[in-house]
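Shown next, in C-alpha cells, is the structure this report addresses.
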Amino acid sequence: MPDDQAPRSPLQAPAALSPAAHAFTTRLSHAGRAGTRIRGFVNPPLLRGSTMLYPNCGERQAASATRLDQALNYGTMGNPTHHALEDVVAEIEGGTRCQIVSTGLAAVTTPLLAFLKAGDHCLVPDSVYGPTRTFCDGMLVRMGIETTYYRADIDAAGIAALIRPNTTVLYTESPGSHTFEVQDIPALAQAAHARGVKVLMDNTWGIHFFQPFQHGVDVSIQALTKYVGGHSDMLLGSVTTASDEDWECVRTAALVLGQYASPDDCWLALRGARTLGLRLQHQMQSGITVAKWLAGRPEVAQVLHPALPGAPGHELWKRDFTGACSLFGVVFQSEFSTAAACAMIDSLELFGIGASWGGFESLVLPTTGLVVRTAGAWAFDGPVARFHIGLEDTSDLIADLDRGLAVLRAHPG
Ligand SMILES: Cc1ncc(COP(=O)(O)O)c(C=O)c1O
C-alpha cells in the first residue's frame with residue numbers, strides 16, 4: 001500500500017477485503033488501514049477534534065450535504081479514527097457499513113429509536129440485556145411505543161402470531177443475557193421479513209462466531225466494550241448493517257441524538273481488534289475447559305454454556321455459530337442458598353466480582369434476583385452466577401474454583 005494515498009470517503013462502503021481469500025486473523029490485521037497511512041506509520045492516526053476548517057465558503061458548503069447522513073463537516077460526524085474502526089467492525093461481522101456510538105447500550109437504543117416511531121409495536125426476547133428492557137419499559141413507553149416480551153425459545157409460528165399490523169421491529173439477542181438461550185434467528189428473521197418487520201440483533205456474545213447478515217439479521221449491535229476492546233479500559237458500541245438504506249437510517253438517528261465516541265476509545269478498540277482473533281480462540285478454549293470442569297462437579301446442577309453438548313441451545317449453536325466466547329452461566333444445586341453461593345464467590349481470588357465481560361481478566365457475577373423474566377417463569381431452583389473466563393491459565397482458575405466450592409459446601413445454609 002503506498003504512503004499518504006488519498007483516504008476513501010467515509011460515506012462510501014469500504015472495499016471488501018476479499019473475505020473468501022483471507023482468514024479472519026489476516027483480515028483483522030489489515031482492515032481499517034486502507035488510505036490511512038500517514039508518513040509510513042502502520043496504524044491509522046488518532047485524530048481528536050470538534051471544528052473542521054475550510055479554505056472558503058464554497059468548500060464548506062460542499063461538505064454540508066442536504067442529507068444529514070451524507071454531511072461530514074463537524075467533529076460529531078466522525079473522523080478517520082472513527083471510520084477506521086467502523087471498517088474493522090463491519091469486517092468482523094460481515095456487514096457493509098457501521099456506525100460507532102458511545103457505549104454498547106447506545107448501540108441498542110440508537111437503532112431502536114431509528115426504526116420505531118410513536119404507535120409502533122416492538123418484539124423483544126424475555127432474556128434481553130437488562131438495560132434494554134429498562135429502555136423499552138421507560139423511554140419507549142413514554143414515546144407511545146409498545147413492547148411485547150417473547151420467550152427466547154419461541155419458534156417461527158410463535159413469533160408470527162405475535163406480529164401485529166403495527167409491529168416494525170423484531171429485536172433479538174442470542175444467547176440471552178445471563179441465561180444463555182440460543183434463538184433460532186434464521187427462522188425468526190424469515191417470519192419477520194414476511195411481514196415487513198426489521199430484525200435487530202444484539203450480537204455481542206457471538207461477535208464474529210455468529211455472522212448475523214448470513215442469518216437474516218438487518219441490523220447488528222455490538223458492545224465493543226467487551227472482547228473488541230478486550231482490556232476493560234473503555235466503553236464503545238457499534239451498529240452495523242448490510243444495506244446502505246439501513247445504515248443511513250441508523251447514522252441519521254445517531255447524528256440527531258448527538259451520539260459521539262471518543263477517538264481515544266476508538267483507537268483503543270482498533271488496537272484491541274488486532275489481537276481479537278487470538279484472544280477469542282484462547283478464551284473460547286479456556287471457557288469451555290472451565291465450564292466442563294464445573295459441569296462435572298456435584299455442587300453444580302447445570303452449566304448454561306451453548307457450546308457444551310447437552311446444554312440448552314447447543315443444537316442451534318452447533319448449526320449457526322462457528323465458536324463461542326467465554327461468558328456462561330452456572331446454576332448451583334438447589335440445596336445451596338444464595339448466601340452460600342455469594343460466600344463461594346467472595347472467596348475466589350482470581351475472579352473479580354463485577355459487571356461487564358470480554359476483558360483479559362476473569363469475572364463472576366451472582367445473578368439470582370438480578371434478572372427479570374416476564375414471558376415465562378425464572379426456571380432455576382438453585383442460585384445462579386455468570387462467569388467470564390479471561391486469559392489466566394485454566395489450571396489456576398480451576399484450583400481457585402475448587403477452593404471456592406469447598407466454601408460453598410461448608411456454608412451453614
Ligand atoms: C449483551 C450486552 N449488550 C449490551 C451491553 C452494553 O454495553 P456497554 O456496557 O458498553 O454499555 C452489555 C453490557 O454488559 C451486554 O452484556
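The table for this structure:
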| read-out | value |
| --- | --- |
| Checklist (1) more than 23 Å from the chain's Cα centre (by Cα); (2) within 20 Å of G104 (Cβ to Cβ) applied to D381, failing item | (2) |
| Filter result for A406 (in a helix (DSSP H, G or I) and within 18 Å of E335 (Cβ to Cβ)) | yes |
| Contacts under 6 angstrom Cβ, first residue in segment 356-367 being in a loop (DSSP other than H, G, I, E, B), partner modelled with pLDDT under 95 and within 15 Å of the ligand (Cβ to nearest atom), 6 or more apart | T367/H178 |
| Close pairs from segment 137-162: first on the phi > 0 side of the Ramachandran plot, partner assigned to a helix (DSSP H, G or I), Cβ under 9 Å, at least 6 apart | none |
| Boolean, Q285 is closer than 28 Å to D153 by Cα, surrounded by fewer than 17 Cβ atoms within 10 Å (Cβ to Cβ), within 19 Å of the chain's Cα centre (by Cα) and at pLDDT 95 or above | no |
| Listing of strands (runs of 3 or more DSSP E) fully contained in segment 79-184 that carry 3 or more residues being buried (at least 23 other Cβ atoms within 10 Å of the Cβ) and within 16 Å of the ligand (Cβ to nearest atom) | 97-101, 167-173 |
| Given (1) surrounded by fewer than 24 Cβ atoms within 10 Å (Cβ to Cβ); (2) within 14 Å of the ligand (Cβ to nearest atom); (3) closer than 25 Å to Q99 by Cβ, number of the condition T225 does not satisfy | (1) |
| One residue from R274, R251 being surrounded by 24 or more Cβ atoms within 10 Å (Cβ to Cβ) and basic (K, R) | R251 |
| Among the residues listed as A385, A399, the single one being outside any loop (DSSP other than H, G, I, E, B), at pLDDT 95 or above and more than 19 Å from P306 (Cα to Cα) | A399 |
| Per-region count, segment 120-148, residues touching an Asp or Glu at 6+ places or on another chain (Cβ under 9 Å), hydroxyl-bearing (S, T, Y) and more than 13 Å from V169 (Cβ to Cβ) | 2 |
| Subset of segment 301-358 [of a type in the set (G, A, S) and within 15 Å of A406 (Cβ to Cβ)] | A340, A341, A343, S347 |
| Residue, surrounded by the most Cβ atoms within 10 Å (Cβ to Cβ), within segment 204-220, restricted to residues that are among the aliphatic types (A, V, I, L, M) and in contact (Cβ under 8 Å) with a residue 60 or more places away in the chain | V219 |
| Residue list for segment 93-108, restricted to those being under 13 Å from the mean Cα position of the chain (by Cα) and either modelled with pLDDT under 95 or not hydrophobic (A, V, I, L, M, F, W, C) (or both) | E93, T103, G104 |
| Qualifying residue in segment 185-202 (condition: touching a strand residue (DSSP E or B) at 6+ places or on another chain (Cβ under 8 Å) and under 26 Å from L268 (Cα atoms)) | yes |
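Each row is one residue, and each column tells you yes or no for (1) of a type in the set (K, R); (2) within 22 Å of T96 (Cα to Cα); (3) touching a residue at least 12 places away in the same chain (Cβ under 8 Å); (4) not assigned by TED's automatic domain parsing to the domain that holds A223.
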residue	(1), (2), (3), (4)
R251	yes, yes, yes, no
L255	no, yes, yes, no
Q259	no, yes, yes, no
P263	no, yes, yes, no
Q283	no, no, yes, yes
V290	no, no, yes, yes
L294	no, no, yes, yes
K318	yes, no, no, yes
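The values are calculated or read from the model by the stated rules, or taken from the named source; none is laboratory data. On a predicted model such as this, the values are computed, not experimentally measured, just so you know. All Cβ positions, glycine included, derive from the backbone under ideal geometry; neighbour counts span all protein chains shown.
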